[in-house]
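The values are calculated or read from the model by the stated rules, or taken from the named source; none is laboratory data. Every value quoted in this text rests on a predicted model; they were computed, and no experiment measured them. Please note: Cβ atoms are built from the backbone with ideal geometry, for glycine as well, and neighbour counts cover all protein chains shown. Ligands, DNA and RNA are stripped out before the accessible areas are found, and what is left, the full protein with its side chains, is counted by its heavy atoms. Shrake-Rupley method; radii C 1.70, N 1.55, O 1.52, S 1.80 Å.
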Amino acid sequence: MSQQGSTDRILVLTYNRNNYGIVADYVKAKERTASDCRNDPLFKQIPVLSARRKLKQIKALPTGKLDGADKQYEDAIAQLLPSILYPHLDFADTQTRSIGGSTIRDLVFYNNRSVDFLEEILDDYHSRQLVMELKNVDSIDRENINQLNRYLTAEFGACSVLVTRNPLPKAMFRNTIELWSGQRRAIVALVDSDLELMVEVFDSKQRPPIEVLKKKYIEFRRACPS
Amino acid sequence: MKRASIHLFEKLDAQLGSIYQEISALARKAPNDAVNAFKIGLVNSTLKQCNELFGKDYLPFQDFTEFPQDELPTNSDVAFVVLQYKGCAEKLRADNIRLESFDEWVWKIDDKGEQIQTAPPKKLS
């Protein structure tokens, strides 16, 4: 048995020696695709305690870009929102590039139409995906709104969410209303206090956190001219 | 007041009291937490009956009739409003009772029949 085994081994080694190129390519190809074999667990929500911790971390961050605060803000929101909005908004992806690579969307969700509000935004705004822009700024300006407006192309529909620290200044809120009046585009702002309420209801389970987003959308629509 | 209205009032007054007790306990624990849709539905149905019974004169707020479900009212919002309704309910009761004899308070009833006893007005007791 061991005699047979060593003969096979010799045959394999001889083959490898004679076909070095093929073997090297095979190994390289296998190594390249090794990550495809890694176990991909189903989406895992962050626990309640972590959600509160994330919120605390977000609220403690200064606005602006000092010491990478903007990146930390984006990272924390990108972990918090997919967890608390799951399963109503699913398949979240961060930092997705457009085909040309010119624009990067911060956070994109697949709209699975699981609640009436999501169905409404698909019907009214054709949002098969919901795009969220994360802005760690003290006050939103016109350029921020224009940037988000540029993302609202065919595949994202005409509804999007601006996640930021403080409520929109009056002029900017009017600007979003005008965008709705002129082009029927909805930009809804989610601010720190809304995240707070979302985490609160996520913890107490009294309401699904998506209803906070719905509430903000309804407030926005009430302000729009009828 | 009519006899039927008095019975309805006593039922609603008891409901307002127990709602306030429950919600204020929640409000102390988590004032900014939203009240779930089931509870809001029940609170609204009680408030709706109160609105009809109280009429314009005893409504706590002329522009408030019920909690909008979509606006996620918080525990402290609900506790605040229910307490206002309780206050106005007491005002309505105090205006519709009289002292029958020493320490015996009864309702002023429009239709005939037995007296209905009640407690003295809260501000006297």
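Of note:
- Pairing residues of the range A:188-213 that are at the interface with another protein chain (Cβ under 10 Å from one of its Cβ atoms) and over 24 Å from residue A:139 (Cα atoms) with residues that are in a helix (DSSP H, G or I) and open to solvent by 30 Å² or more (accessible area, probe 1.4 Å), at Cβ distances under 6 Å and at least 6 apart in sequence or on separate chains, gives A:203/A:48.
- Some residue of the range A:93-114 being in a helix (DSSP H, G or I) and either closer than 30 Å to residue B:31 by Cβ or away from every other protein chain (no Cβ under 14 Å) (or both): no
- Complete set of residues in the range B:1-24 that are touching a residue at least 40 places away in the same chain (Cβ under 8 Å), in a helix (DSSP H, G or I) and open to solvent by 40 Å² or more (accessible area, probe 1.4 Å): B:3, B:8, B:13, B:20
- Criterion violated by residue B:46 - all others in (1) modelled with pLDDT of 95 or more; (2) among the hydroxyl-bearing types (Ser, Thr, Tyr); (3) not in a helix (DSSP H, G or I) satisfied: (3)
- Listed by position, the helices (runs of 4 or more DSSP H) contained in the range A:130-226 that have at least 2 residues being surrounded by 15 or more Cβ atoms within 10 Å (Cβ to Cβ) and polar (S, T, N, Q) are A:142-151, A:170-183.
- Residue match in the range A:43-58 (condition: at pLDDT 90 or above, closer than 26 Å to residue A:204 by Cα and among the β-branched types (Val, Ile, Thr)): yes
- Just one of the listed residues (B:89, B:79, B:27) is within 14 Å of chain A (Cβ to nearest Cβ) and touching a helix residue (DSSP H, G or I) at 6+ places or on another chain (Cβ under 6 Å), and it is B:27.
- Subset tally (residues that are touching a residue at least 60 places away in the same chain (Cβ under 8 Å) and in contact with a strand residue (DSSP E or B) (Cβ under 8 Å, 6 or more places away or on another chain)) for the range B:50-105: 2
- Consider the range B:42-74 and keep the residues that are within 13 Å of another protein chain (Cβ to nearest Cβ) and open to solvent by 30 Å² or more (accessible area, probe 1.4 Å). The one that is farthest from residue A:205 (Cα to Cα) is B:68.
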